[in-house]
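Here the structure is laid out as structure tokens; the discussion comes afterwards.
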Amino acid sequence: MTTKAAIAVLVIDDEVQILRLLRHALEADGYEVHEANTGKHALGEVACLQPQVILLDLGLPDLDGIEVLRRLREWSQVPVLILTVRNSENDVIAALNAGADDYLTKPFRARELLARLRAILRRTRTASDTPVVRFGEIEVDLAGHLVRKSGVDLHLSAKEYAVLRILVLNQGRVVTHRQILREVWGPNAELNTHYLRAYMAHLRNKLEVNARAPAYLKTESGIGYRLLED
């Protein structure tokens with residue numbers, strides 16, 4: 001029996017006590033918790049870990065949280081909940097304009113935090129509208145993070161799954177090399193198309209009947225890739 005993967009949350013904060021409190025509350029509610037205590041560290045972790053939601057403090061030691069959010073929004077739409085002591089109207093407006101999904105001030109109640117996280121995930125999880133996508137012999141369960149071929153679970157690496165997920169969510173549309181590279185590897189990797197070619201080859205070997213003549217994972221020469229609709 002395959003168990004559903006826990007939702008990965010990245011907590012970006014430099015206060016040890018807050019990190020400890022958040023880890024306790026989030027893990028008790030079934031989340032998989034990762035931490036970063038600087039803005040630069042956080043941006044690298046987002047690209048590497050690809051969390052499904054982020055808790056972001058504005059008062060970081062190296063970069064202001066608003067700047068972290070602006071940089072993040074250049075290449076990722078991962079949902080972000082601001083969690084900070086700043087409570088002025090200007091701070092709230094600046095964060096929301098920079099791309100935050102919600103804003104909660106410290107001190108906070110754990111139950112309210114968890115409720116806001118659930119609300120954010122309900123609003124932003126595109127996969128909830130199309131939880132299972134099928135093409136050929138392949139079934140992609142976006143909500144469960146599972147891929148099956150002829151009913152048998154397939155093992156995909158985190159990067160392979162991330163690439164496939166982007167194509168599935170844009171099924172029928174061309175997704176550019178740059179878009180995939182930025183979302184999966186981060187903003188500094190958008191010219192490294194050799195990464196993408198290698199992972200597309202892996203996906204075709206695992207998913208297509210004939211990897212050399214793929215029926216679904218199509219190359220748009222010089223532009224990107226497209227997952228054809230069945």
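Within segment 202-230, the set of residues being closer than 19 Å to A158 by Cα and surrounded by fewer than 12 Cβ atoms within 10 Å (Cβ to Cβ) comprises N205 only. Candidates L154, L164, L196, L217: the one that is outside the structural domain of D29 (by TED's automatic domain parsing), of a type outside the set (S, T, Y) and closer than 27 Å to V68 by Cβ is L196.
Figure legend. Inter-residue proximity from segment 114-130: first residues modelled with pLDDT of 85 or more, second residues surrounded by 13 or more Cβ atoms within 10 Å (Cβ to Cβ) and assigned to a helix (DSSP H, G or I), beta-carbon distance below 9 Å, spacing 6+ or different chains. Indicated pairs: L114/A25; L114/L26; L117/L26.
Note on segment 183-198: among residues that are closer than 18 Å to L227 by Cβ and within 14 Å of the chain's Cα centre (by Cα), the one that is modelled with the lowest pLDDT is E183.
Screening L43 on (1) closer than 30 Å to S157 by Cβ; (2) more than 16 Å from the chain's Cα centre (by Cα) shows it passes everything except condition (2).
If you scan segment 9-38, which residues turn out to be surrounded by 15 or more Cβ atoms within 10 Å (Cβ to Cβ), among the acidic types (D, E) and in a loop (DSSP other than H, G, I, E, B)? Selection gives D13, D14, D29.
The single condition from (1) at pLDDT below 90; (2) farther than 20 Å from Q52 by Cα; (3) surrounded by 14 or more Cβ atoms within 10 Å (Cβ to Cβ) that L154 fails is (1). Among the residues examined, T38 qualifies as under 23 Å from A189 (Cα atoms), in the same structural domain as L21 (by TED's automatic domain parsing), over 16 Å from the mean Cα position of the chain (by Cα) and β-branched (V, I, T). Remark: G99 matches the filter, which requires a residue to be closer than 22 Å to A115 by Cβ and modelled with pLDDT under 90. Of the strands (runs of 3 or more DSSP E) lying entirely inside segment 151-230, those carrying at least 1 residues that are free of Cβ contacts under 8 Å to residues at least 40 places away in the same chain are 217-220.
The values are calculated or read from the model by the stated rules, or taken from the named source; none is laboratory data. Every value quoted in this text rests on a predicted model; they were computed, and no experiment measured them. Positions of Cβ are backbone-derived with ideal geometry, glycine not excepted, and every protein chain shown enters the neighbour counts.
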